[in-house]
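The values are calculated or read from the model by the stated rules, or taken from the named source; none is laboratory data. A quick note: this is a predicted structure, and the numbers were derived from the prediction, not measured. So basically every Cβ, Gly included, is an ideal-geometry build from the backbone, and we count neighbours across all protein chains shown.
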Amino acid sequence: MSNFSVGFRTSGSVQVLELNGELDAHTASELEAAIQKCIPSSVRIVINGQNLQYISSAGLGVFMAYIEDVREQGGDIKIAELQPRVFNVFDLLGFPMLFDIVDSEADAVARFETASSQ
Amino acid sequence: MIYGFLSSAVGGPSMFGIGQRLRTWLLALTAFVACVIAAGYHVMSMAGSAPEGMVTEVVYHALVLFAYSVIYLFLSDRLRRRASTSLRAFWLPILVGIALITVHYGLTSISRPPDLPTIASSSVTFGFEYGTGRPLVPATVFNMNAISLVAATFAFILLLRFRDLVLVKRTRASQRNWYLMLGFMAFASMLTFLTPADASLNIWQRLAMVPAIGFMVVNSLRLSWIVFLSMSEKLLSICMSLLLLVILGGVGIMETGGGSAAFDVPLPYVFIKHYSYPLSVFVSLSVVFGILYCTTALLSLIFHLPTTSDYQQRVGELAAMHSLTNLVGQVFDSDRLFSMIVASPVETGAGSAAWLSIPDRSSPTLAPHVVAGHSIDIESVHRLVDIPALYEEIAETREPILMEQAVADHRVTARPGEGIGSLLVVPLLSRDELLGALFVTKEVSHGFERDDTEAISVFAAQAALAIDNSRLFEERIERERLSRELAIAREVQRKLLPQSLPVVHGLSIAASSVPALEVGGDYFDFSELDDGRLAFIIADVSGKGTSAAFYMAEMQGIFRSLSRLASSPSAFLTTANAAVGPILERSVFISVIYGIVDPARETVSIARAGHCPAATAGVDGHPRLLRSGGLGLGLDRGEVFRESLHEDVINLKPGDVFVLYTDGVIESRNADGKEYGYDRLLDVLRDNRHEEAHDLHRAMTDDLNAFVGGSEYDDDMTLVIIKWHGIEVGNFSAASKSDPARIQEA
């Protein structure tokens with residue numbers, strides 16, 4: 001049984017994906033499908049990791065797979081509200097250097113707003 | 001009496017246990033002898049030397065009836081095998097009927113006196129003695145015997161062949177009606193026993209025919225065979241029954257003498273009547289039945305002509321269903337299965353074109369795609385109909401969609417005249433799962449009748465079952481293929497890891513790597529450099545499976561070739577990142593720790609590229625993690641990687657130990673779902689830091705196994721321990737000799 005799920009929300013022009021459960025090699029395809037669904041409507045994507053309990057290297061790979069496309073289309077994937085243990089995995093690999101990883105979802109959304117207002 | 005016996009014997013098994021063939025020929029011989037005796041009697045009677053009187057008459061007629069009963073049995077034996085098709089039932093009566101008319105006409109023409117002025121002036125002219133019917137010339141005797149034989153044979157064959165038709169789909173009652181008809185025919189015939197040839201039938205003899213004719217009518221309505229005929233067979237049957245009717249008419253005229261003008265035989269002088277009155281009545285009744293049956297068959301054939309196509313469609317549906325049912329077992333070729341599914345509704349006429357959409361499993365959104373079409377081009381389907389919209393509706397309602405006027409629907413983009421008048425979309429459901437949708441079209445609007453939609457629904461149910469089976473089968477094949485692949489990948493992985501550990505002065509080394517069931521991409525290795533230096537690496541490819549094993553092999557190649565060239569860990573990692581970056585898929589990266597031990601300078605330099613930080617402990621110090629910055633390989637191909645990278649250079653003191661591991665160790669979980677974690681790792685290291693490398697290694701793996709217990713966490717787990725003992729002055733080799741390197745593999 002998959003113990004991973006993705007919830008969709010929009011906040012203004014920003015798509016918010018809420019990740020729940022454990023993201024590993026088996027559930028990575030679900031996040032992949034979720035991001036693919038988002039891209040046609042908006043490339044401004046915020047990942048809310050408040051309820052993400054675990055992430056494996058394959059899970060991290062999903063972000064890597066799409067970030068280039070999304071940025072080429074003028075969007076971004078920002079990651080917010082990660083639990084410390086999950087953040088540690090991002091951090092060990094150096095993801096904070098590649099991604100906007102912020103504490104709150106509102107902050108992430110706001111960064112999109114300021115980016116577009118400039 | 002004889003006929004009663006005869007009818008009970010018809011169709012029965014061989015009598016008295018005599019072999020079938022022997023019995024048949026015995027019957028033929030008996031009939032032949034009896035006929036010869038009868039003919040002999042006629043010759044004697046012509047010559048006037050036959051004994052006269054009642055007894056002779058009775059014996060003669062009994063002999064004749066016996067002879068013909070035997071002939072009937074003989075023919076019944078010969079025609080025992082049923083005509084293979086209904087059509088063939090007509091052939092033999094037609095042939096024998098033509099033969100009969102030819103023989104009759106031929107013989108009477110030849111034996112007729114050339115100067116016959118008018119009909120029926122003198123009995124002598126016709127070769128019979130007026131009143132008694134005694135033959136007067138040899139030609140009469142011959143004609144009488146020959147024509148009777150052929151006429152009776154015709155009647156018998158007609159009955160035997162029509163029996164096959166009447167008894168198609170036989171029941172007890174229909175079989176009884178048939179034999180009752182024969183019985184009453186025989187009975188009515190027997191009533192004319194000893195009636196003079198020129199006498200007409202009396203009232204009782206006529207009344208006795210009523211029940212026989214009644215059963216003839218009943219039997220004439222047994223026409224089930226007509227339903228099974230195709231259109232062409234029906235047309236042929238109509239022709240043949242018409243021909244047979246004409247022949248029967250001719251024979252009827254002949255037998256009753258009614259058309260004397262046609263055959264030049266006056267009413268009282270019918271040959272067969274002179275031969276045997278009962279036989280002639282039986283033949284006449286048979287002809288009456290033949291005419292009745294041919295008439296009803298003809299009418300029924302004509303009335304059934306318009307419904308033939310409906311019946312054929314029903315038969316086609318059954319056949320298609322049958323082949324689909326068979327196909328459920330044949331799941332090796334899904335393309336064939338799909339084309340079979342779309343062919344069924346079209347070939348049975350339930351629709352004019354059909355195609356099948358199933359979800360595309362390779363796309364994450366499972367978008368439907370058309371896998372097979374019949375009588376329609378797969379490419380053009382997308383142009384004509386909005387398949388995703390219809391599929392979505394089907395997925396929601398799980399009910400068929402019937403569009404009587406398809407072009408009026410907004411989801412159908414076809415223009416009128418493009419072949420989509422009405423459209424039926426049926427979901428293929430199996431075990432509550434939507435496996436696909438079957439689209440069937442008709443060229444006209446309002447084209448689907450109730451039986452069409454029902455038939456298509458049944459097809460869809462069968463098709464769903466077949467697809468489901470096929471899918472289960474494919475999944476199983478796929479699983480087996482994967483497990484074979486994984487076995488190969490595991491083997492490759494095992495061979496990529498060092499088979500023995502290097503022996504270096506002042507160091508003890510222990511290492512192990514437990515591969516996951518699904519094969520991960522863990523890698524560790526050593527390389528002895530110049531000046532007694534030792535390079536070590538531990539790496540973890542993200543993801544699992546064969547691709548991870550493949551990238552691990554890449555990593556090994558890079559390590560083996562680059563380690564001797566790179567001057568420092570950061571130089572190695574930077575070059576490795578540039579080398580491996582273009583090869584990796586976007587979603588894949590590799591975390592690495594690379595280090596160089598320099599025994600001469602008593603230093604270790606170490607750099608981390610996204611990997612779990614190495615743990616280190618001194619003899620008296622607290623254990624700590626070497627968490628310098630550094631991106632994983634493949635995450636960035638340029639500046640960011642180089643900027644992030646940081647190299648630590650540590651001065652070694654004897655007793656210093658370095659622990660390298662992969663995330664499989666840290667993330668191992670026990671039955672409660674709790675992770676092993678860094679803290680516990682550091683605790684075990686602190687408690688066992690005084691042990692030699694392989695004892696420390698054992699202590700750490702024991703603790704890990706104790707923690708995990710029986711839970712089923714599955715990732716590669718790699719653990720490498722490097723311990724610095726220091727080098728005694730003047731005895732360079734002592735330290736390492738006493739502590740041989742150890743490799744442990746689970």
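Report yes if B:HIS322 is farther than 24 Å from B:SER445 by Cα and loosely packed, with under 14 Cβ neighbours inside 10 Å, otherwise no.
Details: farther than 24 Å from B:SER445 by Cα: yes; loosely packed, with under 14 Cβ neighbours inside 10 Å: yes.
Criteria met by B:HIS322.
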Here the qualifying pairs (Cβ atoms under 6 Å; residues six or more apart or on different chains; first in the range B:580-606 and under 12 Å from B:GLU554 (Cβ atoms); second among the basic types (Lys, Arg)) come out as B:GLY581/B:ARG637
Exactly one of B:GLU396, B:GLU404 is surrounded by 13 or more Cβ atoms within 10 Å (Cβ to Cβ), assigned by TED's automatic domain parsing to the domain that holds B:ALA350 and of a type outside the set (A, V, I, L, M), and that residue is B:GLU404
Taking A:ALA33 and the conditions (1) outside any loop (DSSP other than H, G, I, E, B); (2) more than 30 Å from B:THR662 (Cβ to Cβ), which numbered condition does it fall short on, given that it satisfies the others? (2)
Residue selected from the range B:515-536 under the condition under 30 Å from B:GLY655 (Cα atoms) and touching a Gly at 6+ places or on another chain (Cβ under 8 Å), by the criterion surrounded by the fewest Cβ atoms within 10 Å (Cβ to Cβ): B:ALA535
Looking at the range B:423-436, which of its residues are more than 11 Å from B:ALA354 (Cβ to Cβ) and crowded, with 24+ Cβ neighbours inside 10 Å? B:LEU428, B:GLY436
Which residues, taken from the range B:325-348, are in a helix (DSSP H, G or I) and modelled with pLDDT under 70? B:LEU327, B:VAL328
Hey, any hits in the range B:678-700 for a residue that's in contact (Cβ under 8 Å) with a residue 12 or more places away in the chain, closer than 25 Å to B:ARG490 by Cα and in contact with a helix residue (DSSP H, G or I) (Cβ under 9 Å, 6 or more places away or on another chain)? yes
Can you name the condition, by its number, that B:LYS544 falls short on among (1) more than 10 Å from chain A (Cβ to nearest Cβ); (2) part of a loop (DSSP other than H, G, I, E, B); (3) not β-branched (Val, Ile, Thr)? (1)
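Give me a count of the residues in the range A:1-20 that are surrounded by 15 or more Cβ atoms within 10 Å (Cβ to Cβ) and either in contact (Cβ under 8 Å) with a residue 40 or more places away in the chain or within 11 Å of chain B (Cβ to nearest Cβ) (or both). Quick ask: steps written out before the conclusion?
Narrowing the range A:1-20 to residues surrounded by 15 or more Cβ atoms within 10 Å (Cβ to Cβ): A:4, A:6, A:11, A:14-20.
Restricting the remaining residues to those that are either in contact (Cβ under 8 Å) with a residue 40 or more places away in the chain or within 11 Å of chain B (Cβ to nearest Cβ) (or both) gives A:11, A:14, A:16.
Here the count works out to 3.
I'd like to verify a number: residues in the range B:571-609 that are among the hydroxyl-bearing types (Ser, Thr, Tyr) and either touching a Cys at 6+ places or on another chain (Cβ under 9 Å) or within 12 Å of chain A (Cβ to nearest Cβ) (or both), how many?
The initial filter retains those residues of the range B:571-609 that are among the hydroxyl-bearing types (Ser, Thr, Tyr), namely B:574-575, B:587, B:591, B:594, B:603, B:605.
Next cut, either touching a Cys at 6+ places or on another chain (Cβ under 9 Å) or within 12 Å of chain A (Cβ to nearest Cβ) (or both) only: B:587, B:591.
Total meeting the criteria: 2.
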Every pair of residues 6+ apart whose Cβ atoms lie under 8 Å, when the first sits in the range A:68-86 and is farther than 15 Å from A:CYS38 by Cβ while the second is of a type in the set (Ser, Thr, Tyr) and in a loop (DSSP other than H, G, I, E, B): A:ALA80/A:SER104; A:GLU81/A:SER104
Meets criteria (within 14 Å of chain A (Cβ to nearest Cβ), in contact (Cβ under 8 Å) with a residue 40 or more places away in the chain and within 21 Å of B:GLY543 (Cβ to Cβ)) for B:GLY630: yes
Exactly one condition in (1) modelled with pLDDT of 95 or more; (2) in contact with a helix residue (DSSP H, G or I) (Cβ under 8 Å, 6 or more places away or on another chain) is not met by B:ILE593; state its number. (2)
Which condition number in (1) under 22 Å from B:VAL458 (Cα atoms); (2) out of contact with any His (no Cβ under 9 Å at 6 or more places or on another chain) is the one that B:VAL407 fails? (1)
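Could we say that A:LEU98 is within 14 Å of chain B (Cβ to nearest Cβ), closer than 21 Å to A:ARG44 by Cβ and under 15 Å from the mean Cα position of the chain (by Cα) here?
Working: within 14 Å of chain B (Cβ to nearest Cβ): yes; closer than 21 Å to A:ARG44 by Cβ: yes; under 15 Å from the mean Cα position of the chain (by Cα): yes.
Against the criterion (within 14 Å of chain B (Cβ to nearest Cβ), closer than 21 Å to A:ARG44 by Cβ and under 15 Å from the mean Cα position of the chain (by Cα)), A:LEU98 qualifies.
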Determine which member of the set B:THR365, B:THR348 is under 18 Å from B:PHE228 (Cα atoms) and in the same structural domain as B:ALA414 (by TED's automatic domain parsing). B:THR348
For the range A:66-95, how many residues meet the condition of being more than 9 Å from every other protein chain (Cβ to nearest Cβ) and in contact with a Pro (Cβ under 8 Å, 6 or more places away or on another chain)? 1
When every residue in the range B:166-219 that is of a type in the set (Phe, Trp, Tyr) and modelled with pLDDT of 90 or more is compared, the one surrounded by the most Cβ atoms within 10 Å (Cβ to Cβ) is B:TRP178
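If we scan the range A:21-41, do we find a residue that is more than 14 Å from chain B (Cβ to nearest Cβ) and either on the phi < 0 side of the Ramachandran plot or not aliphatic (A, V, I, L, M) (or both)? Write out each step before concluding.
The first filter runs over the range A:21-41 and keeps only residues more than 14 Å from chain B (Cβ to nearest Cβ), leaving none.
Looking for residues that are more than 14 Å from chain B (Cβ to nearest Cβ) and either on the phi < 0 side of the Ramachandran plot or not aliphatic (A, V, I, L, M) (or both), one finds none in the range A:21-41, hence no.
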Could you look through the range A:42-65, keep only residues that are within 26 Å of B:GLY677 (Cβ to Cβ) and surrounded by fewer than 21 Cβ atoms within 10 Å (Cβ to Cβ), and pick out the one that is farthest from the other protein chains (Cβ to nearest Cβ)? A:GLN50
Note on the range B:193-242: residues more than 44 Å from the chain's Cα centre (by Cα) and closer than 19 Å to B:VAL166 by Cα are B:PRO211, B:ALA212, B:ILE213, B:GLY214, B:PHE215, B:MET216, B:VAL217
Only unsatisfied item for B:ALA389, checking (1) over 29 Å from the mean Cα position of the chain (by Cα); (2) under 25 Å from B:SER230 (Cα atoms), is (2)
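If you scan the range B:490-536, which residues turn out to be assigned to a loop (DSSP other than H, G, I, E, B) and within 14 Å of chain A (Cβ to nearest Cβ)?
Of the range B:490-536, the ones assigned to a loop (DSSP other than H, G, I, E, B) are B:497-506, B:515-520, B:529, B:533.
If the condition is that a residue be assigned to a loop (DSSP other than H, G, I, E, B) and within 14 Å of chain A (Cβ to nearest Cβ), then B:ALA516, B:LEU517, B:GLU518, B:VAL519, B:GLY520 are the ones that fit.
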Taking the range B:708-730, which residues are over 17 Å from B:GLY655 (Cβ atoms), modelled with pLDDT under 90 and not β-branched (Val, Ile, Thr)? B:GLY709, B:GLY710, B:SER711, B:GLU712, B:TYR713, B:ASP714, B:ASP715, B:ASP716, B:MET717, B:GLY730
Test each condition in (1) in a helix (DSSP H, G or I); (2) in contact (Cβ under 8 Å) with a residue 40 or more places away in the chain; (3) crowded, with 24+ Cβ neighbours inside 10 Å for B:TYR551 and report the one that comes out false. (2)
